[in-house]
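One structure is given below, encoded as structure tokens.
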Number of protein chains: 2
Amino acid sequence: MTAAVLQRLAAMMPPGRFLERPEQLAAYESDGLTAFRVRPSAVVIPETAEEVIALVRFCHAEKLPFVARGSGTSLSGGSLPVEGGIVVALNRLNRILRLDPAQRLAVVEPGVVNLDVTATAMVHGLHYAPDPSSQSICTVGGNVAFNSGGAHCLKYGMTANHVLGIKAVLATGEVVEWGGPSRETVGPDWCGLFTGNEGLFGIALEITLQLLPRAECYHTVLAGYRTLEQAGDAVSAVIASGLLPGAIEIMDALALEAAVAAVHAEYPPGCEAVLIVELEGPREVVAADRERLDQIIAASQPVEARPARDAEERMAIWKGRKSAFSAVGRLSPDFIVQDGVVPRRRLGEALRRIGDLARKSGLRVANVFHAGDGNLHPLILFNGRVPGELQQAEALAGEILKMCVEMGGSITGEHGVGMEKRDYLPAMFSPDEIDCMRRLRAAFDPLGIANPGKMFPSAEAPSLQHHGLHPLEKAGVISRE
Amino acid sequence: MTAAVLQRLAAMMPPGRFLERPEQLAAYESDGLTAFRVRPSAVVIPETAEEVIALVRFCHAEKLPFVARGSGTSLSGGSLPVEGGIVVALNRLNRILRLDPAQRLAVVEPGVVNLDVTATAMVHGLHYAPDPSSQSICTVGGNVAFNSGGAHCLKYGMTANHVLGIKAVLATGEVVEWGGPSRETVGPDWCGLFTGNEGLFGIALEITLQLLPRAECYHTVLAGYRTLEQAGDAVSAVIASGLLPGAIEIMDALALEAAVAAVHAEYPPGCEAVLIVELEGPREVVAADRERLDQIIAASQPVEARPARDAEERMAIWKGRKSAFSAVGRLSPDFIVQDGVVPRRRLGEALRRIGDLARKSGLRVANVFHAGDGNLHPLILFNGRVPGELQQAEALAGEILKMCVEMGGSITGEHGVGMEKRDYLPAMFSPDEIDCMRRLRAAFDPLGIANPGKMFPSAEAPSLQHHGLHPLEKAGVISRE
């Protein structure tokens with residue numbers, strides 16, 4: 001990119017909202033927990049939708065690659081730029097534009113923090129259901145881009161199931177508005193197509209979210225088991241019973257150790273695995289379901305089962321679970337969070353195989369996962385300063401992904417493909433399928449400037465290369481600091 | 001199309017599965033209830049997915065327009081060909097390929113009849129939720145193409161909410177497989193994009209449907225009111241109470257008259273409107289909700305409220321409601337079923353305005369609608385033999401649609417845009433939005449051969465015209481028999 005173009009971009013922004021000095025850019029070089037480091041040319045910080053539209057139109061006119069960024073909690077490198085690209089930081093678009101309790105919806109800007117939606121809706125007895133572990137910092141825009149999940153998606157579905165409408169500026173600079181309060185769409189689900197686009201189609205400006213009544217009542221049980229397999233079998237028994245809990249989560253020994261160290265969580269001693277099951281719903285239903293659940297858990301022979309006796313105990317259980325990712329950071333200088341899906345009936349088998357793969361590679365793997373929907377989150381611990389360990393960890397992560405696909409699952413449950421998994425896309429999709437996806441992407445972004453270098457396996461957007469921009473193959477280069 | 005091409009197509013099919021004689025084609029010239037008549041060049045009747053793929057590839061190679069057809073119950077002209085196009089009749093692809101009660105899913109071919117899915121799943125205590133009025137004859141493939149709704153979509157959502165995976169042959173001849181048992185998709189919801197495509201992307205070959213446990217218990221109330229407004233107010237009161245019934249339906253006086261004539265339905269005398277509310281769920285919840293519902297209904301001052309006392313009475317209530325569309329045929333030689341959406345809080349206002357519009361045009365309008373989600377189905381009665389009445393009816397239908405959009409609603413709830421409403425698309429979408437939709441369509445069907453002349457307003461698929469085919473503008477021509 002020429003300095004002249006950057007200067008013109010700078011001129012579009014007021015002082016303090018165009019960053020280009022290395023020390024300013026440093027914070028935007030990395031994301032949640034991946035090892036990727038990519039430096040943008042500049043960071044722009046719009047405050048209004050109009051500014052975002054103007055920025056995208058500028059990028060389109062100049063064929064500049066850009067990436068939208070919220071809180072940067074992506075776990076797949078999804079919020080990183082390509083070398084030299086522009087970061088559009090959306091944190092200041094953080095207004096809840098409308099809250100309509102009667103229609104049970106909220107219209108929010110993309111920079112609104114996930115948990116703030118629920119915080120605002122709570123006074124009306126409503127909440128926003130998708131609850132990624134990072135919900136206290138991650139933004140709705142990022143959730144939409146990656147179709148984020150969370151512990152309670154077992155019952156309520158992913159972000160896509162809760163997005164009613166999207167106003168967005170496409171990579172072409174066109175502004176579109178799709179969906180709305182009604183689920184009865186005209187033609188295909190254009191709005192659903194935008195959800196999960198990983199930033200490759202454009203930037204969401206306004207998002208209409210469905211709000212749900214808060215559950216009247218919860219029943220949360222934490223059960224400790226001597227083996228992971230026993231915990232896995234308990235999950236199968238719960239599912240087979242026909243109960244539909246709000247959440248079913250498992251943490252293994254290493255994850256427990258981390259949670260104990262980080263937030264002083266307390267778990268039954270001598271356990272190799274902890275299962276968390278949460279029922280939620282109307283009082284009468286939870287009361288009836290609770291009896292059945294207690295019987296199933298008792299029959300699964302836990303070391304100990306601890307029902308939460310009050311809201312405080314419930315919060316403590318969830319605090320331990322939700323802190324697990326970052327807590328693992330205390331056990332190891334570096335780690336890779338993997339995200340894969342296996343059919344839930346094969347959960348026990350998957351865990352055994354991950355254990356085998358870990359032993360073979362000599363690295364430790366902590367497992368924290370949404371057991372109810374077969375969504376695994378193995379955390380691979382390594383030390384980046386030991387030569388070769390990063391590569392070893394990545395190889396192990398790849399083996400786990402291949403195992404997921406082979407077992408009939410998926411390379412990602414909720415973290416997205418991003419930069420991390422683009423080379424695994426062909427493991428799941430045929431050349432025809434990927435071709436069609438590329439054509440769909442081109443319908444939104446013919447120049448390939450919106451978050452290039454992500455999702456699709458090899459070099460993409462040849463039109464950019466013709467224009468002499470930085471080769472996009474380089475986008476995936478890992479440069480450890 | 002040249003005779004030589006048709007001959008080669010005929011040679012692909014065994015005897016009896018290639019139709020081209022006028023008397024054979026007659027059954028394929030019309031659809032559910034619209035006034036459109038379009039004659040195809042030929043009808044092909046594949047029996048396997050492989051045959052469908054071969055047919056689409058032939059059409060692609062020859063640039064032949066085709067349309068997939070199930071039972072032809074489309075209410076928007078969606079299953080009609082363009083003049084001279086090929087109809088691919090899918091009724092023989094009617095196998096339920098897999099039923100997995102543990103995973104709660106069924107894999108079906110597109111020609112499977114909607115109700116047959118539930119009939120097969122019932123022994124496992126499961127059912128397929130979307131229930132269009134035509135569910136005893138319409139096919140799942142058609143439901144997917146038009147993202148069909150039904151009375152119980154208030155609680156359970158549209159077809160798109162129940163399609164887990166789709167294997168399809170695109171208009172390019174490529175075969176893709178998207179989605180699967182897990183809701184955790186990779187990237188955008190490719191499968192959701194295919195649902196509701198109105199046949200413009202390709203042909204579904206295998207559809208994976210989510211099955212839900214059958215409700216343990218129902219409570220169905222039929223309440224008669226002196227005025228439509230009172231019935232509308234009762235709906236508002238039910239919604240405002242926070243109850244989420246499985247269905248909330250309203251029929252007006254003319255619809256009641258039709259149901260009485262057709263299936264001997266019995267309604268409280270002296271009623272201008274009947275409201276049907278159905279609660280469903282676990283026994284304890286329905287029991288608790290029932291009390292609240294009964295109070296709300298009582299407070300809404302009905303002429304009479306009749307709870308169904310057993311399954312038989314419940315079925316009788318639904319038989320009257322589901323027969324209403326075809327029953328109106330007894331009151332009038334011809335009618336147009338309109339399908340629009342208004343915000344449900346403006347239901348009363350919408351009904352008043354429809355009444356005004358009807359009076360002004362001098363035509364009778366019967367109203368049957370999914371009140372819970374604001375989905376109106378005005379049936380406009382006319383006599384096609386009276387010169388000018390068809391045009392008058394169409395003008396009134398257009399006025400009603402414009403009213404829906406103006407009130408913040410939609411031009412279609414569940415019948416689709418098809419041939420009928422393509423000229424209303426610009427009333428809801430901006431030129432940029434329609435442009436982007438066209439580009440998306442082109443990603444699936446660059447030649448514009450899959451169900452051309454539908455959904456998009458003006459002439460499309462110019463590539464076809466270059467090849468000397470029948471001008472696609474003619475596709476929308478109404479030729480009354």
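Summary of values
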| read-out | value |
| --- | --- |
| Cβ-placed point charges (K, R +1; D, E -1), dipole of the stretch B:217-326 about Cα centre in debye, nearest 20 | 160 debye |
| Sum of side-chain charges, residue B:172 neighbourhood, beta-carbon under 11 Å (Lys, Arg +1; Asp, Glu -1) | -2 |
| Debye log10 I(q)/I(0) at q = 0.13, 0.20 Å⁻¹ for the stretch A:96-213, Cα point scatterers | -0.43, -1.06 |
| Nearest-20 debye value, the stretch B:96-213 charge dipole, Cβ charges on Lys, Arg, Asp, Glu | 260 debye |
| Nonlocal amide H pairs with residue A:127, under 5 Å, H built at 1.01 Å | A:212, A:214 |
| Furthest towards positive pole of dipole, A:424, B:2, A:141, structure part the protein assembly as shown, Cβ charges | B:2 |
| Rounded to whole Å, sorted largest first: equivalent-ellipsoid semi-axes of the stretch A:54-158, Cα gyration tensor | 28, 17, 10 |
| Tilt relative to chain A, helix A:49-62 - C-alpha long axis, 0 to 90 degrees, to 10 | 60 degrees |
| Per-residue [θ]222 nm for chain A (sum of -39500 (n - 2.57) over DSSP H runs n ≥ 4, rounded to 500) | -10500 deg cm²/dmol |
| Binned Cα-Cα distances of the stretch B:101-149, short to long, each 5 Å bin given as a whole percent | 5, 23, 33, 24, 12, 3 |
| Distances in nm from residue B:212 to the matching label points in the other copies, shortest first (labels 7 Å along Cα to Cβ) | 1.3 |
| Options B:176, A:121, B:94, ranked by Cα towards positive dipole end of the protein assembly as shown, top entry (Cβ charges) | B:176 |
| Positions from the stretch B:426-450 whose accessible area shrinks by 10 Å² or more when the full protein complex is built, not the chain alone, probe 1.4 Å | B:429, B:432, B:433, B:436, B:437, B:439, B:440, B:443, B:444 |
| Note, ³J(HN,Hα) from phi for the stretch B:273-284, Karplus 6.51, -1.76, 1.60, rounded to Hz, x at Gly and Pro | 7, 10, 10, 10, 10, 10, 8, 8, x, x, 3, 5 |
| Inter-copy label distances at residue A:101 (7 Å, Cα→Cβ; nm, one decimal) | 4.5 |
| Cα long-axis angle, helix B:3-12 against chain B (0 to 90 degrees, to the nearest 10) | 70 degrees |
| Pairwise FRET efficiency - residue B:295 versus residue A:310, Cβ, R0 = 41 Å, nearest 0.05 | 0.80 |
| Phi to ³J(HN,Hα) by Karplus 6.51 cos²θ - 1.76 cosθ + 1.60 over the stretch B:136-145, Hz, x for Gly, Pro | 7, 10, 6, 9, 4, x, x, 4, 5, 4 |
| Estimated buried accessible area (total), pair A and B, 1.4 Å, Å² to nearest 100 | 4600 Å² |
| Percent of alpha-carbon pairs separated by more than 23 Å within the stretch B:332-419 | 17 percent |
| Within the accessible area of the stretch A:217-406 (1.4 Å probe), percent carbon and sulfur | 51 percent |
| Cut-off 12 Å between beta-carbons: net charge of the residues surrounding residue A:358, Lys and Arg +1, Asp and Glu -1 | +2 |
| Percent of alpha-carbon pairs separated by more than 19 Å within the stretch B:159-262 | 63 percent |
| Förster radius 25 Å - calculated FRET efficiency between residue A:119 and residue B:244 (Cβ-Cβ, nearest 0.05) | 0.55 |
| Kirkwood-type radius of the protein assembly as shown, with distances r between different C-alpha atoms, in Å | 29.3 Å |
| Charge dipole (debye, nearest 20) of the protein assembly as shown; +1 at Cβ of Lys and Arg, -1 at Cβ of Asp and Glu | 560 debye |
| For peptides A:241-247, B:415-421, sequence by mean Cβ density within 10 Å, most packed first | B:415-421, A:241-247 |
| Kirkwood Rh and Cα Rg combined as Rg/Rh, chain B | 0.97 |
| Angle in degrees between helix A:389-406 and the longest Cα principal axis of chain A, rounded to the nearest 10 | 70 degrees |
| Evaluated at q = 0.09, 0.10, 0.14 Å⁻¹: base-10 log I(q)/I(0), Debye formula over Cα of the stretch B:217-326 | -0.20, -0.25, -0.50 |
| Value of Rg to Rh for the stretch A:217-406 (Rh from inverse mean 1/r over Cα pairs, i.e. Kirkwood) | 0.99 |
| Accessible surface of the stretch A:96-213, 1.4 Å probe, proportion on carbon and sulfur as whole % | 53 percent |
| Hydrodynamic radius of the stretch A:16-84 per Kirkwood, over alpha carbon pairs, in Å | 12.6 Å |
| Chain B, relative contact order [Cα under 8 Å, separation at least 6], % | 16 percent |
| Probe 1.4 Å, accessible area per residue of chain A, Å² | 36 Å² |
| For the stretch A:134-168, residues shielded by at least 20 square angstrom of accessible area compared with the chain on its own, probe 1.4 Å | A:147, A:158, A:161 |
| Radius 14 Å from Cβ of residue B:267, net charge of other residues (Lys, Arg +1; Asp, Glu -1) | -3 |
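The values are calculated or read from the model by the stated rules, or taken from the named source; none is laboratory data. The structure presented is a predicted model; accordingly, all values stated were derived computationally and were not measured. Quick reminder, even Gly has a Cβ in these numbers, built from the backbone with ideal geometry, and neighbours come from all protein chains shown. Only protein heavy atoms, including side chains, enter the accessible area calculation; ligands, DNA and RNA are left aside. Shrake-Rupley method; radii C 1.70, N 1.55, O 1.52, S 1.80 Å.
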